[in-house]
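Each remark here refers to the structure printed beneath this line.
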Amino acid sequence: MRNLSPEQLHDPFEKALREDHLVPICFCSARRAPASPSCLEVLAKLAPNPTEGNPPPFLKGEGADAVRVEVSPDPAQHVIAHVFKVTIDPFVGKLGVFRVHQGTVKTGAQLLVGDGRKPVKLAHLYRLQGKENIEVPQAIPGDICAVAKIDELHFDAVLHDSHDEDHHHLKSVASRRRCWGWRSAPRSAATSRSSPRACTGSRPRILACAWCTIRRRTKRSCTASATCTCASCCSVSPSATAWG
């Protein structure tokens, strides 16, 4: 086998990453110090840098009229940041976590939230490091920061400093359909030795569903929106919704 240099592997490695054909996993021992520099060296030589990554899929407009807009990691351009998490901190209150995709966010900056007309002031800018919130003066593209005590912030909001980006939003990620978990048991010992009921098409006898488990733990009445059919529920009328 011919030995290939890192420079020869870089371009095909980057192309495979862009097309989702390759998902690299690089790991090392956290207890052995010599392993960490080796892992960082592999990432520095083979992995593409952030400027080579796929640009974030920002859209302008809604529905069928939405068009793709270009966002570049340039700290000198207009600010575009995406709020991907909103939490309640026991010490600072409401905390909005966002990633800067374009421009430079500075402490005291006036930013617009979505299509809002009134800007909000970022009095304090934090960088999250574990459980600690470290105050920083600014954030550049690629940084993940947080701001506190801003009621206008919400999940999936876009922060920007110009009305030209009023209708910008990040493309939604398709999520899988939610499923209910059930715990079932065979009707008899003979049934347990036969083929699974899923193959025969018959329904198993439901012992307890998630709603009934909550009802027993909290000692409250069952308030499931779909009528439950399990043996321990307070309601036993069949419902197609309960079976999905």
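The values are calculated or read from the model by the stated rules, or taken from the named source; none is laboratory data. Since this is a predicted model, take the numbers as computed values, not measurements. Please note: Cβ atoms are built from the backbone with ideal geometry, for glycine as well, and neighbour counts cover all protein chains shown.
Worth a mention:
Here's the yes/no breakdown for (1) surrounded by fewer than 13 Cβ atoms within 10 Å (Cβ to Cβ); (2) closer than 13 Å to Val158 by Cβ; (3) assigned by TED's automatic domain parsing to the domain that holds Ala146:
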site	(1), (2), (3)
Ala76	yes, no, yes
Ile80	no, yes, yes
Lys85	no, no, yes
Gly96	no, yes, yes
Thr104	no, no, yes
Leu112	no, yes, yes
Leu128	no, no, yes
Asn133	no, no, yes
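- Residue within segment 161-173 that is of a type outside the set (S, T, N, Q) and at pLDDT 90 or above present: yes
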